[in-house]
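The structure appears below as C-alpha cells.
The values are calculated or read from the model by the stated rules, or taken from the named source; none is laboratory data. Because the structure is a prediction, the values reported are computed rather than measured. Every residue, glycine among them, receives a Cβ derived from its backbone with ideal geometry; neighbour counts consider all protein chains shown. Please note that ligands, DNA and RNA were not included when accessible areas were found on the heavy atoms of the full protein model with its side chains. Shrake-Rupley method; radii C 1.70, N 1.55, O 1.52, S 1.80 Å.
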Amino acid sequence: MIALDQLAEQSPYFLSKALGQFDSDGRAYTLPRYLFLGPKGGGDPIRLGIFATIHGDEPEGALALTRFVTALGNNPEIAKGYALFIYPVCNPTGFEDNTRHARSGKDLNREFWRDSAEPEVRFLESEIWTHAFDGIITLHSDDTSDGLYAFVSGAVLTENLTEPALREAEKFLPRNRNRVIDGFVAQEGILKDCYQGVLKATPGLVRPPFEITLETPQKASLHRQVEAFNAALQTILVEYRYLQAIAQNI
Ligand SMILES: [Zn+2]
C-alpha cells in the first residue's frame, strides 16, 4: 500500500505498523496495518477496526481506505475521539494473485474463530482480541449484486449506524432492495444472518462491538464504489460518536 505509506510519512496522525510475517512460495509477507489517531475527544478513544480485501480479488475496499484516510488527513476532525486501526489488505497473497482465496487455497473469510492454521487469520484474530474494538467494519465487493447492502451483527445499535451509512453511500450507488441477497433474508439492504467463520469479534463477549460488513456492487464503476465506501465510513464515525455522547449523558 504505497499510497497509504506516503500518507503515513506526511501526517502526524497516521502511523504505519505492518503486522505479523509469514511465508508463501518462499517469499515473506506481512499484513499492512495503519493507525489513525484522531484529535482527542471527550473520553477514552473509541477503537474501531476497519478491514478490507480479505477476499484477494476485492481491491475496491483497499482503495477506498486510501481515499478515506486522505479525507481524514485533510480534515482530522472527522476522526475526533477515535483510534482507527486500519487493515487494508487482509489477504496479501490473494491480492497479489487476484484470487478470492489465499494462496493456501482457503477462503480466509470462513476461517475465523475455528482454530484456523492460516497465518493471516491467526494474526487478525489476535488483533481483534487484543484491541477489543468498540466497532468492527469490513469492506467487500460483490460481483453478483446490483447495489449496496450490509450485514449487521453484534451490538444492538448496529442497525442505527448502518441505515444512515447506506443512505449516504446511496448518493453514489443504488441500494440493493431485494428480499433475498446472497441467500439471506434482507430488509432494505440490511442482512442479519451471515456465513459461519467470517471476520468478526471474539465470540461470547458480554458487550459485543457493533459489526458492519459493507458490500458494494463490484461491477459498478470503481470510482463510485470508493466514494460509497468513503461516505459510509465517515457517516458511521459521525453517528457512533453521536450515539456514544447520548449514552454517556443518560
Ligand atoms: Zn468478499
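Restricted to the range 135-177, and to residues that are modelled with pLDDT under 95 and in a helix (DSSP H, G or I), which residue is surrounded by the most Cβ atoms within 10 Å (Cβ to Cβ)? Steps first, answer last, please.
Applying the first criterion (modelled with pLDDT under 95) to the range 135-177 yields 153-160.
Right, trim to in a helix (DSSP H, G or I) and you get 158-160.
Details: T158: 24, E159: 15, N160: 16.
Per the criteria, the residue is T158.
Which residues, taken from the range 128-160, are more than 26 Å from A228 (Cβ to Cβ) and not polar (S, T, N, Q)? Talk me through it step by step, then tell me what you get.
Our first condition is that a residue be more than 26 Å from A228 (Cβ to Cβ); within the range 128-160, this holds for 129-132.
Within the range 128-160, W129, H131, A132 qualify.
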Under the condition of being among the basic types (K, R) and more than 11 Å from D57 (Cβ to Cβ), which residue from the range 95-111 is farthest from the ligand (Cβ to nearest atom)? R103
Of the residues in the range 201-250, those that are under 14 Å from T162 (Cα atoms) and in contact with a Pro (Cβ under 7 Å, 6 or more places away or on another chain) come to T235, E239
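What residue, of E211, E215, is of a type in the set (D, E) and either part of a helix (DSSP H, G or I) or over 15 Å from E170 (Cβ atoms) (or both)? First the steps, then the outcome.
Numbers: E215 fails: either part of a helix (DSSP H, G or I) or over 15 Å from E170 (Cβ atoms) (or both).
So the residue among E211, E215 that is of a type in the set (D, E) and either part of a helix (DSSP H, G or I) or over 15 Å from E170 (Cβ atoms) (or both) is E211.
Does the range 112-145 hold any residues that are touching a Pro at 6+ places or on another chain (Cβ under 6 Å) and away from the ligand (no atom under 16 Å from the Cβ), and which are they? Spell out the reasoning first.
Step one: filter the range 112-145 for residues touching a Pro at 6+ places or on another chain (Cβ under 6 Å), giving 113, 133-136, 145.
If the condition is that a residue be touching a Pro at 6+ places or on another chain (Cβ under 6 Å) and away from the ligand (no atom under 16 Å from the Cβ), then W113, F133, D134, G135 are the ones that fit.
Out of L65, L124, L173, L84, which single residue is more than 30 Å from G41 (Cα to Cα), among the aliphatic types (A, V, I, L, M) and either touching a strand residue (DSSP E or B) at 6+ places or on another chain (Cβ under 6 Å) or touching a residue at least 24 places away in the same chain (Cβ under 8 Å) (or both)? Give the steps one after another, and end with the answer.
Numbers: L65 fails: more than 30 Å from G41 (Cα to Cα); L124 fails: more than 30 Å from G41 (Cα to Cα); L84 fails: more than 30 Å from G41 (Cα to Cα).
None of the others qualify; the one that does is L173.
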Is the range 41-57 home to any residue that is over 21 Å from E96 (Cβ atoms), in contact with a Phe, Trp or Tyr (Cβ under 7 Å, 6 or more places away or on another chain), more than 16 Å from the ligand (Cβ to nearest atom) and charged (D, E, K, R)? yes
Any residue at all in the range 2-23 that's within 15 Å of the ligand (Cβ to nearest atom), over 16 Å from L237 (Cα atoms) and either modelled with pLDDT under 95 or open to solvent by less than 20 Å² (accessible area, probe 1.4 Å) (or both)? no
Just a yes or no: is a residue in the range 114-132 surrounded by 15 or more Cβ atoms within 10 Å (Cβ to Cβ) and assigned to a loop (DSSP other than H, G, I, E, B)? yes
Give the range 75-95 a look and list any residue that's open to solvent by 30 Å² or more (accessible area, probe 1.4 Å) and in contact with a Ser or Thr (Cβ under 9 Å, 6 or more places away or on another chain), or say none. F95
